[in-house]
Amino acid sequence: MTVLRAKNFISKFCQNKKLRLFADIVILISTSYLMLKKLSGFSLTGWLINNAFHQPLINFFVVVSVAVIIFCVIIKMVTIYFDAFPPLNHGLVEPDEISNCLYRINSEVGEHVSRCSADENLDIRSICEQHGFKVNAALIVDSLAEHIRKSIKNIKVKRKDLFISLYCVNEESGCLEYMLHYDSKRDLVETKSISLNSEKYQEYESVKCLRSNNTTACVLDKKRYAKGASKRHKTIEHYIGCKLSSEHKVFAFLNIEFHNSAIFPEESDMQDFLEEHVYPFKLLLEYQFLKKEFFSHLKSLDEYRRVA
């Protein structure tokens, strides 16, 4: 973690636009002067002695000039290195997984429209039952996992190095109820129900976030991560969580755990990663919950109409 922070600090310092411009100009002037001296024999120190400075000042000028040139060359070399090997382990990737999810969602909406157009005496309940809520949510979570693995380029993230879970908010019981997780082939979930009012779970990041006005939670230091019943806490490095909500209603909570390898040097980098890579999938999941809510109300309205 300390090495990552050091690399991140050096990268930010060396890639400052004004500093890069200064280094480029100094190196350009220096190389131009050397070419001019080689071709014409012109000496800047000789000209200064004859026209402006005495020898002690000339010596000071030479020392300062050499030091500035060496500094600028080092800045240039470090900049080239970090351009080729960025200090951050994550980068931008093509959002293929998002496209696949949107295709699935649009196809399902198209099926709803076709059913409505083909049958004048359409049973509303059959349309509601056509919504594959759990299937779609599982597809989005799996796609999010693959997108995260692709976006972290400098470190190979294996399936076992990433854990994502989705818990639904049960307003009646005041609990978070387990819905699904990635990798679904591995049995990694110990707690299926998390009470928001129980002292046992008050240190859980999901509970703390839900009981606050925050919409996201990021834990950079694994020592601050609350240890649950699962053995995953032995290998966890970072945690990211976010509410799935619409206006004032919270539908669920999404948990993302990174294991075995430190990826983020600073918490701000985790926030950037959340906004760039996780947020689009968060919106897709929220859409599924909104659609489920809509169909639930539509079904109730249809039943009320039939009774009336």
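Answer yes or no as to whether R149 is of a type in the set (K, R) and at pLDDT 85 or above. Criteria met by R149. Here D183 clears all of (1) in contact with a helix residue (DSSP H, G or I) (Cβ under 8 Å, 6 or more places away or on another chain); (2) crowded, with 18+ Cβ neighbours inside 10 Å; (3) not aromatic (F, W, Y) except the condition numbered (2). For the condition under 52 Å from the mean Cα position of the chain (by Cα) and at pLDDT 75 or above, K18 qualifies.
Results for (1) modelled with pLDDT of 85 or more; (2) more than 19 Å from H181 (Cβ to Cβ); (3) of a type in the set (F, W, Y), shown as yes or no for each residue.
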| position | (1), (2), (3) |
| --- | --- |
| N213 | yes, yes, no |
| R224 | no, yes, no |
| E237 | yes, no, no |
| H248 | no, yes, no |
| I263 | no, yes, no |
| R305 | no, yes, no |
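Taking the criterion of being loosely packed, with under 12 Cβ neighbours inside 10 Å and basic (K, R), the residues of the stretch 212-226 that qualify are K223, R224. Inspect all residues belonging to the stretch 253-270 and state whether any of them is touching a residue at least 40 places away in the same chain (Cβ under 8 Å), of a type in the set (G, A, S), closer than 20 Å to A145 by Cα and surrounded by 15 or more Cβ atoms within 10 Å (Cβ to Cβ). Checking the stretch 253-270: at least one residue is touching a residue at least 40 places away in the same chain (Cβ under 8 Å), of a type in the set (G, A, S), closer than 20 Å to A145 by Cα and surrounded by 15 or more Cβ atoms within 10 Å (Cβ to Cβ).
The values are calculated or read from the model by the stated rules, or taken from the named source; none is laboratory data. The shown structure was predicted, so the numbers you read here are calculated from the model rather than taken from an experiment. Reconstructed Cβ throughout: ideal geometry from the backbone, glycine too, with neighbour counts over all protein chains shown.
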